[in-house]
1. Hey, how much of the P(r) for region 127-218 falls beyond 19 Å, as a percent of Cα pairs?
2. Do you know the relative contact order of region 348-771, to the nearest whole percent, from alpha carbon pairs under 8 angstrom that are 6+ apart?
3. I want to check the label-to-label distance for residue 435 and residue 540. Put each point 7 Å from Cα in the C-beta direction and report it in nm to one decimal.
4. Going highest first, how would you order 235-247, 928-940, 619-631, 181-193 by mean Cβ packing within 10 Å?
5. Based only on the alpha carbon positions, what is the Kirkwood hydrodynamic radius of region 58-342, in angstrom?
6. Once you have the Cα-Cα distance between residue 746 and residue 915, take 0.36 nm times their residue separation minus that, and quote the gain in nm to one decimal.
7. Nearest 0.05, what FRET efficiency do residue 765 and residue 671 give at R0 = 30 Å with Cβ-Cβ as r?
8. Run the numbers on the chain and let me know its relative contact order in percent, using alpha-carbon pairs under 8 Å that are six or more apart.
């Protein structure tokens, strides 16, 4: 194992010729390539035949840099990428940032229509939203060729920073992976390259002007809260404290140290409005651009600057630069960055495709590997989320900056597949984050705990990486942190409305705040927790979180046939699902209506079956990038739609998945600067594009199940770094024939349209026979991917709590619950039997512990009843915000059914009981989540028994799929074999 402070040592050659290269690759990525690198990747060189451009040469970093103002979809049609220099997962992103003089628009990043450069900063986030407040752009440097009257800048940048912005023309720019150059209007040629933690920049000044470099230390994109700069001979160093992403959340402090290969002839600083020639230091507080230094070199000098970055201290920044670049020229660093990128891009090798397809594909792969980022110095030290300095184990690295809501859908899986060691380090980094913060932030930039978007998606990220084989981390600690933070009372959870979701199983629409999509996202998160628990053999945690993974079913309205907003009184059927409103995060109800990736089969059944779902999905995909305003169409340039095309697999139509993917690739993406249709969000959009082209997709987050579709390329080889895993897809004729006619997996024919997780972990070969028209492949009922149904039929509401611990449950969405002590006094202790008069019905009060589900909120759960003959059936329960009624279905062992009515009176009824309900348990005083109790009298009812066919045996009862109003709660179901008064059966048979 190579160490973070040492160059990599070549290991013993292994079975594959790529193994040595891959091991060196990961070392080079993290070390900043202090040693001579390996030979270029085999797949990186152009070869005759299908491939007319090599992977490295195909990358165009300018794709995604232009805002397409012709589109109005909800989010901007702006990739928000940058053309600057970095290496895969690098700490440093050395890049220009722009300014448009016509309207003063700077976007906070690099925007292609701008005409001036406002500096070359050291840090950037690729593809975020929050336009103009992207964060980063720390320590921008500006070349200046103007006069220095009396040795001073003519104006302080704090007063008029725009005086120092630099004109440029795109014709004078060049960008490759790891390199950027531009000839500026002032005559300065600027070149940028990078190692992992160091920016190496070369400035060639003209002979007929000045040669000054400005270090705008307080020039970060967002608000600054303090800064300092010092000049010491040929070294300038300092720090800045700035606001995080979207100019909100926490503050981070970054440090830099720069040395030069040419002597500094004079220097000065500025502090606020004061320019101070000859001074060695300056400091500031909150004034933007208020602190900086300027350094003067010989006229016409060609200056190379080596700038180390650290989040620990200036000394760490200096060590980083020395370790990664000492004794190496700019050109040597650039060449090594190129070698690293050739190897990284060589983990995916494709044959076939047009030149434009290859450019778009490899640029997407490039963008997918920019985040997350190494955060530890070459010493192994990093500053944690708790503000203290930690040290990673030798050979390991701490990664930061995660867009949880964005990356859990496909990017985490791509990184884990191509770089399993990086995947394990990511999982350990997230586990350490949880340990240091005591919880799970969902969008933590750098070492800042920050919440953005819906969901708790980093738990799903960990589960997915683990499923793909990234298991070299403290798995049990990760699971325990997830379990403890998300267990009631959930007071250490950062999920908004976590208490309501964990007790009742959904977030009601009265909360606003994207309440409906939060429930869907939390269900996906809990599915991931459950899958990790299952792999670790923790059955109790698996069972608990699989119940919660099915919470989406609480939001399915069987009347309208859609997932829709719901509150304590019932479903909001007046909500326009073609809008996002305040219920869906950056998407419409129609778009989120397909987002149940772990149980698509149940979703299809609830939507009316395969034919009905197929009609709906065909209508939904008529428009692939429709936005969020009054539309039934998809929105594939934003994350909630990412898994939608693969629903066709569960409908037995993988051919239509392929058609939608090819349409998206052709219609939405391109090779121009506006070729990314939306915010890339740290590479998530680009990752989706990579998967869409190779014929595989991780359609079930939390697992490594892969949906198989038609590849765009005739051959794809996925060659994992530091691993013997290789996946090869051969699809001769894919350029002309777009449908899969037959498939062999490692030589064995299969009609299944998916691959199990073991394939993703171990690798293998897929051999396709392609056809011009759809055939029978993948269309059988047994060909569809799995749906994970565990937990569907379990009790799903925690309605009882111990006195003094009302935060462990809620029945009514108003934070009220039944007292366990008062229930016991009334005869309803756990496991107690409750007879319903002389009917022969005897209920059993649920034997659930505190904080465990003890009743069903019905959504069609199936309750087994033992296959015994019975004359009648009754239900034990109540309604909150009721009354509530619906229809249950009794299933007989002979396959016939009988529909029976179920109705419950509200739990605080006074003396008025409906539906023939008989109160069986009466208590006074409901527990409150905030503590204490009220004085309300509550009742639990038994329903009037409904007659059944005594000649048949009862297999089960399916609870109502919905109710007319309120929220129904069923604690138990019981049968009787005694004769019932009255004639006939009160229900319908089938």
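1. Within region 127-218, distances greater than 19 Å cover 51 percent of Cα pairs.
2. Details: 863 pairs, mean separation 74.7, N = 424.
It comes to 18 percent, rounded to a whole number.
3. About 2.3 nm separates the two model spin labels.
4. Averaged packing, sorted descending, gives the order 235-247, 181-193, 619-631, 928-940.
5. Computed over Cα pairs of region 58-342, the Kirkwood hydrodynamic radius comes out at 18.6 Å.
6. Details: separation 169, 0.36 × 169 = 60.84 nm, distance 6.15 nm.
Extra length from residue 746 to residue 915 when fully extended: 54.7 nm.
7. That pair, residue 765 with residue 671, gives E of 0.45.
8. It comes to 10 percent, rounded to a whole number.
Throughout, read-outs are computed from the coordinates displayed, never taken from laboratory work. Bear in mind that the values here come from a model prediction, so they are computed numbers and not experimental data. Glycine gets a Cβ as well: all are built from the backbone with ideal geometry, and neighbour counts include every protein chain shown.
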